[in-house]
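Here the structure comes first, spelled out in structure tokens, and everything after it is commentary.
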Amino acid sequence: MSLREPKSMDECIYFTNRNVGKGKIKAWAFKENCPECGKGLMGKPRDEKTGKPKIRADIYVCPECNHTVDKQKYEDSLDINIKYTCPKCENNDEVKTSFKRKKLQRIDEETGKKETIDTIRFECSKCGEKMDVTKKMK
Ligand SMILES: [Zn+2]
Ligand SMILES: [Zn+2]
């Protein structure tokens, strides 16, 4: 399997590249074509004055036909591409999974407290180590 990598951030709805202990996780989700007209790439609505995308908008809009979709629904329908180096066994691999996040509890390694995270969890194909692509950026 070889994942298509984004050529620019403009192609992505989500992109992250981070170190996890000895390992690394790079993950991205591509924007997809409008389900209505099939031409435009769905993106955040743009501010009429500045032309910049409104990051906090809770909808995505098609630049061609102005069709809008609910942010959550749209993101849940996408796939996320993940390239990783396992922090435990240093295995390198790729995985493609649903972009739908799940709420999970885990113990914060620094504080020792339980916390709830929004995450896309996947396992190392070699040793089964669980890794998270969390919404919360550290
Ligand atoms: Zn459209
Ligand atoms: Zn591993």
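Per-structure values
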quantity: Radius of gyration, Dmax [region 1-116; alpha carbons; angstrom]; calculated: 17.0, 50
quantity: Helix-only CD estimate at 222 nm, as mean residue ellipticity for the chain, using -39500 (n - 2.57) per DSSP H run (n ≥ 4); calculated: -1000 deg cm²/dmol
quantity: Rg/Rg_ref, region 71-129, where Rg_ref = 2.2 N^0.38 Å and atoms are Cα; calculated: 1.31
quantity: Cut-off under 5 Å, modelled amide H: who pairs with residue 54 long-range; calculated: 46, 47
quantity: Rel. contact order, % - alpha carbon contacts under 8 angstrom, at least six apart, the chain; calculated: 17 percent
quantity: Region 46-75-region 107-138 distance, computed between alpha-carbon centres (Å); calculated: 29 Å
quantity: Residue exposure sequence - 84, 14 - by fewest surrounding Cβ within 10 Å; calculated: 14, 84
quantity: Local net charge near residue 102, Cβ-Cβ under 9 Å (Lys/Arg +1, Asp/Glu -1); calculated: +3
quantity: Residue 48/residue 70 FRET efficiency (R0 25 Å; Cβ-Cβ; nearest 0.05); calculated: 0.70
quantity: Positive-end residue, the chain charge dipole about Cα centroid, Cβ charges, pick of 9, 92, 134; calculated: 134
quantity: Value of Rg/Rh across region 1-67 [Cα atoms, Kirkwood radius]; calculated: 1.07
quantity: GluC sites (Glu not before Pro) lying in DSSP loop within region 37-102, provided at most 11 other Cβ fall within 10 Å; calculated: 48
quantity: For 30, 99, order by how many other beta-carbon atoms lie within 10 Å, fewest first; calculated: 30, 99
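Only the coordinates and a few stated rules stand behind these numbers; no lab work does. These numbers come from a predicted model, not from an experiment. All Cβ positions, glycine included, derive from the backbone under ideal geometry; neighbour counts span all protein chains shown.
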